[in-house]
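Report on the following structure.
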Amino acid sequence: MKNMWLLIGLVLALCLPGFVSAAQGGEEGLRQHERFKSQKQQELMGLVRTYTPEKVREWEAALKERDRIKQKLHKDYKKDRMELLELKKSWKEQNLSDAEIRRNVQAWRKSKQEIGGHHRDRKKAAQELKHAIERRDEGEIKQSLNDMLKRIQRRNTELEKR
């Protein structure tokens, strides 16, 4: 029963990333979000140790790699933001209409998203894990955890390309 509540909390964390920082805003919100993320990651690793102990090292490596890549991308985000501001300034100096500038910005953003993009399969994986926990189906829980690991590893590879 205790594991079930931990898993439900994990599922919520996977479905609603960043809601704490968005609600709180500022530096305090960021610290609170980091604590929340760390707690959910510990709960996830508890599940991994319980249901798929043979995969613990793979999970640790994948999560560590994800954190490293995200830190690097955050630095790139600031650089990209400055690039976009410079492009907007350049377009305004060229006397482009607001509609043309919006189209150019959308095209620029789309080119950046094609490199990284958003993945909606995260929510599906979390729901599958939640349903497996509700049914207390250990085989399905193991499968869901393995699917989540593969998704994280695949996403790490995609983000590394970015």
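Quick one: how many residues across region 118-151 are under 16 Å from Y51 (Cβ atoms) and in a helix (DSSP H, G or I)?
Qualifying residue count, region 118-151: 23.
Might you check whether a residue that is over 20 Å from L159 (Cβ atoms), aliphatic (A, V, I, L, M) and at pLDDT 75 or above occurs anywhere in region 12-35?
Scanning region 12-35, I find no residue that is over 20 Å from L159 (Cβ atoms), aliphatic (A, V, I, L, M) and at pLDDT 75 or above, so the answer is no.
Please pick out the residue among L73, L84, L47 that is in contact (Cβ under 8 Å) with a residue 24 or more places away in the chain, open to solvent by less than 100 Å² (accessible area, probe 1.4 Å) and more than 21 Å from R151 (Cβ to Cβ).
L84
If you go through region 50-70 one residue at a time, how many are exposed (fewer than 12 other Cβ atoms within 10 Å of the Cβ) and under 30 Å from R136 (Cβ atoms)?
Total meeting the criteria: 3.
Residue check, L96 against (1) in a helix (DSSP H, G or I); (2) open to solvent by less than 80 Å² (accessible area, probe 1.4 Å), all met but one. Which one?
It fails just one condition, (1).
Is region 123-130 home to any residue that is touching a Cys at 6+ places or on another chain (Cβ under 6 Å), in contact (Cβ under 8 Å) with a residue 12 or more places away in the chain and open to solvent by 50 Å² or more (accessible area, probe 1.4 Å)?
Scanning region 123-130, I find at least one residue that is touching a Cys at 6+ places or on another chain (Cβ under 6 Å), in contact (Cβ under 8 Å) with a residue 12 or more places away in the chain and open to solvent by 50 Å² or more (accessible area, probe 1.4 Å), so the answer is yes.
The values are calculated or read from the model by the stated rules, or taken from the named source; none is laboratory data. Keep in mind the model is a prediction, meaning the values are calculated, not measured. Counting neighbours? That spans all protein chains shown, and the Cβs are built from the backbone with ideal geometry, glycine included. Please note that ligands, DNA and RNA were not included when accessible areas were found on the heavy atoms of the full protein model with its side chains. Shrake-Rupley method; radii C 1.70, N 1.55, O 1.52, S 1.80 Å.
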